[in-house]
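Okay, so here's the structure we're looking at.
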Amino acid sequence: MKAYKGFDKDMTCRGFRYEEGKSYELPDGETAKLCESGFHACEAPIDCLAYYAPADAVYHEVELDGVTDETSDEDSKRVGSKIKIGARLDVARLCSLQFEYVREHCTNENNAEEGKTATAGFRGAATAGSSGAATAGDSGAATAGFRGAATAGFRGAATAGDYGAATAGFKGAATAGSSGAATAGFKGAATAGDYGAATAGSSGAATAGSSGAATAGSSGAATSRGSSSVGKNGLACARGNGVKVRGGLGAILVIATENDNDYDIKEWKAGVVDGETIKADTWYTLEDGEWKEVPDDDDKTGD
């Protein structure tokens with residue numbers, strides 16, 4: 001069975017470290033049981049976000065064998081006695097796969113044609129419920145509920161609930177709730193809630209909440225209370241504790257830490273990525289008021 005699995009950044013899950021391309025099997029005498037033993041993964045890609053938030057995880061396609069007949073009442077989690085770790089997936093690819101999954105499994109009885117997803121054309125509006133898929137054309141608005149997938153075209157607006165995936169095209173606006181993934185194109189705006197991932201293209205604006213990850217392209221702006229990353233000549237801002245920033249050449253980095261007992265600013269610093277004092281495409285945090293480079297081992301981005 002094809003499925004999807006999240007891991008901590010170092011590819012560990014519940015203390016065991018996996019490796020891409022390798023297979024793992026339960027020892028003789030052990031059986032798989034949902035939520036108790038065996039190898040767990042999700043059939044729906046976006047369900048992985050409920051277990052591993054985008055800012056702190058990596059995701060992989062996996063193959064599950066020896067899968068039991070057990071199913072979860074809450075999501076698409078399954079368990080098997082053997083697992084093979086496939087290719088790593090970034091959040092954008094995870095969202096794309098979710099759209100495909102929902103379209104294949106959607107049975108929205110409120111549509112004119114049973115089994116079809118909610119779709120609207122140019123400047124139309126499409127709305128789908130929990131775990132549904134909504135797609136609207138150029139300048140359209142697409143809304144999907146909890147764990148849903150919403151896609152809107154050029155200048156469109158896409159909104160998805162908690163753990164949902166929202167994608168909007170050029171100059172579009174994408175919003176996803178807690179642990180959701182929001183992606184907007186060139187000059188677009190992407191907003192994700194706590195533990196979510198917001199990605200915007202060149203000249204776009206990406207905002208993520210607590211422990212979230214915000215990424216924007218060249219000349220873009222990324223703001224978060226987690227990890228903020230921008231391309232050349234962009235602006236990356238992060239505020240909180242344990243936060244970090246990164247940028248391409250010419251980017252402005254701003255980071256602020258807070259007091260342990262309240263949200264007041266303890267110290268802050270701003271700088272320009274010049275390639276010497278502050279290196280390009282390198283994560284930095286703030287320590288005792290000075291820039292501190294984050295080791296590569298802490299920058300492995302990714303149930």
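Restricting attention to the range 62-89, and to residues there that are small (Gly, Ala, Ser) and in a strand (DSSP E or B), which single residue is nearest to the chain's Cα centre (by Cα)? Give the steps one after another, and end with the answer.
Residues of the range 62-89 small (Gly, Ala, Ser): 66, 72, 76, 80-81, 86-87.
Filter once more, so that each one left must be in a strand (DSSP E or B): 80, 86-87.
Numbers: Gly80: 25, Gly86: 18, Ala87: 16 Å.
My answer is Ala87.
All but one of (1) at pLDDT below 85; (2) in contact with a helix residue (DSSP H, G or I) (Cβ under 9 Å, 6 or more places away or on another chain) hold for Cys48; state the number of the condition that does not hold.
Unmet for Cys48, out of (1) at pLDDT below 85; (2) in contact with a helix residue (DSSP H, G or I) (Cβ under 9 Å, 6 or more places away or on another chain): (1).
Given the conditions (1) modelled with pLDDT of 90 or more; (2) touching a His at 6+ places or on another chain (Cβ under 9 Å); (3) charged (D, E, K, R), and given that Asp303 satisfies all but one, which numbered condition is not satisfied?
Condition not satisfied by Asp303: (1).
Considering only residues that are of a type in the set (Ser, Thr, Tyr) and either within 26 Å of Ala197 (Cβ to Cβ) or modelled with pLDDT of 80 or more (or both), look in the range 70-112 and name the one that is surrounded by the most Cβ atoms within 10 Å (Cβ to Cβ).
Of the residues in the range 70-112, the ones of a type in the set (Ser, Thr, Tyr) are 71-72, 76, 81, 96, 101, 107.
Pick out the ones that are also either within 26 Å of Ala197 (Cβ to Cβ) or modelled with pLDDT of 80 or more (or both) and you get 71-72, 76, 81, 96, 101.
Working: Thr71: 13, Ser72: 15, Ser76: 20, Ser81: 19, Ser96: 18, Tyr101: 22.
If we take residues in the range 70-112 being of a type in the set (Ser, Thr, Tyr) and either within 26 Å of Ala197 (Cβ to Cβ) or modelled with pLDDT of 80 or more (or both), then Tyr101 is surrounded by the most Cβ atoms within 10 Å (Cβ to Cβ).
If only one of Lys82, Lys9, Lys2 is in contact with a Gly (Cβ under 9 Å, 6 or more places away or on another chain) and more than 29 Å from Ala213 (Cα to Cα), which one is it? Spell out the reasoning first.
On the way: Lys9 fails: more than 29 Å from Ala213 (Cα to Cα); Lys2 fails: more than 29 Å from Ala213 (Cα to Cα).
Exactly one residue qualifies, and that residue is Lys82.
Looking at the range 34-48, which of the residues that are touching a strand residue (DSSP E or B) at 6+ places or on another chain (Cβ under 6 Å) and surrounded by fewer than 22 Cβ atoms within 10 Å (Cβ to Cβ) is nearest to Asp73 (Cα to Cα)? Full working, then the answer.
Keep residues of the range 34-48 that are touching a strand residue (DSSP E or B) at 6+ places or on another chain (Cβ under 6 Å), which gives 34, 38-43, 45-46, 48.
After this cut, where a residue has to be surrounded by fewer than 22 Cβ atoms within 10 Å (Cβ to Cβ) as well, the list is 34, 43.
On the way: Leu34: 11, Glu43: 13 Å.
The residue in question is Leu34.
Listed residues Lys244, Lys232; which is outside the structural domain of Asp56 (by TED's automatic domain parsing) and either among the hydrophobic types (A, V, I, L, M, F, W, C) or under 16 Å from Glu293 (Cβ atoms) (or both)?
Lys244
State whether one or more residues within the range 22-33 are of a type outside the set (Ser, Thr, Tyr), surrounded by 19 or more Cβ atoms within 10 Å (Cβ to Cβ) and in contact with a strand residue (DSSP E or B) (Cβ under 6 Å, 6 or more places away or on another chain). Write out each step before concluding.
We begin by selecting, within the range 22-33, every residue of a type outside the set (Ser, Thr, Tyr); these are 22, 25-30, 32-33.
Right, trim to surrounded by 19 or more Cβ atoms within 10 Å (Cβ to Cβ) and you get 32.
Those left that are additionally in contact with a strand residue (DSSP E or B) (Cβ under 6 Å, 6 or more places away or on another chain): 32.
There is at least one residue in the range 22-33 that is of a type outside the set (Ser, Thr, Tyr), surrounded by 19 or more Cβ atoms within 10 Å (Cβ to Cβ) and in contact with a strand residue (DSSP E or B) (Cβ under 6 Å, 6 or more places away or on another chain).
Within the range 32-50, how many residues turn out to be outside any strand (DSSP E or B) and polar (S, T, N, Q)? Talk me through it step by step, then tell me what you get.
If we filter the range 32-50 for residues that are outside any strand (DSSP E or B), which is where we start, we get 32, 34-36, 38, 43-50.
With the extra rule that they be polar (S, T, N, Q), the set shrinks to none.
Number of matching residues: 0.
The values are calculated or read from the model by the stated rules, or taken from the named source; none is laboratory data. Small disclaimer: the values here were computed from a predicted structure and weren't measured. Every residue, glycine as well, gets a Cβ built from its backbone with ideal geometry; the counts of neighbours run over all protein chains shown.
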